[in-house]
Amino acid sequence: MSGKVYEIMTKATLAKGTKKTISKHNYLVNDIDKILGCWICNHQYRGVIKQQPVIEGSFDLHIWYSHLNDSFLLKQKVTYCDEIDLSIKNHETSQKDEVVVESLYLPRCIHAKLENKTVHLEIEKQMSLKIIGDTTILVESKNEETPEIDMKINQDFIT
């Protein structure tokens, strides 16, 4: 009762993984009394297939601080390159594969501390990476006798 076997070419998620990172950054500020805040903006990233898929990205770090009752802003550009452990389903990555990267939440400052004119920051981010590529699915059809269906169509159904 088996029929033909068809080979269907399609795109599918071949590998995926997530990574949560906490990075530490230190900045020396000569004239500082206290930290007023820390913001992260302009987060940009992309997936690249090298020997292993990686996420390359950057963001702007804005540290708002005070000195002698006046406020100031320190801006720094931070770059990163994160390797992500992937669950690969019997696939060798190639340059033809599509890499889809998603930030599960925006990078955020989870800790800021001032110590001897040095600002110590901890930045947390969580990224997800998927590799989408061509794959083949084998489908077997069955040869069964199907009864003929007598269908009556009501042409006044949609008026």
Checklist entry - Does any residue in region 10-30 that is under 14 Å from LYS125 (Cα atoms) come within less than 6 Å, Cβ to Cβ, of a residue that is open to solvent by less than 100 Å² (accessible area, probe 1.4 Å) and polar (S, T, N, Q) six or more places away or on a different chain, and which pairs are these? => result THR18/SER128; LYS20/GLN126
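Have a look at ILE110, ILE35 and point out the one that is over 13 Å from the mean Cα position of the chain (by Cα), surrounded by fewer than 16 Cβ atoms within 10 Å (Cβ to Cβ), farther than 30 Å from ALA12 by Cβ and of a type in the set (Val, Ile, Thr).
Just a single option satisfies the conditions, and that option is ILE110.
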Checklist entry - In region 38-77, which residues are among the polar types (S, T, N, Q) and either touching a residue at least 60 places away in the same chain (Cβ under 8 Å) or open to solvent by 30 Å² or more (accessible area, probe 1.4 Å) (or both)? => result ASN42, GLN44, GLN51, GLN52, ASN69, SER71, GLN76
Checklist entry - On the given criteria, is SER87 loosely packed, with under 11 Cβ neighbours inside 10 Å and more than 16 Å from LEU28 (Cα to Cα)? => result yes
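The values are calculated or read from the model by the stated rules, or taken from the named source; none is laboratory data. Note that the coordinates shown come from a computational prediction; the quantities given were computed from them, not determined experimentally. We place every Cβ from the backbone using ideal geometry, glycine too, and count neighbours over all the protein chains shown. Heavy atoms of the whole protein, side chains included, go into the accessibility calculation; ligands, DNA and RNA do not. Shrake-Rupley method; radii C 1.70, N 1.55, O 1.52, S 1.80 Å.
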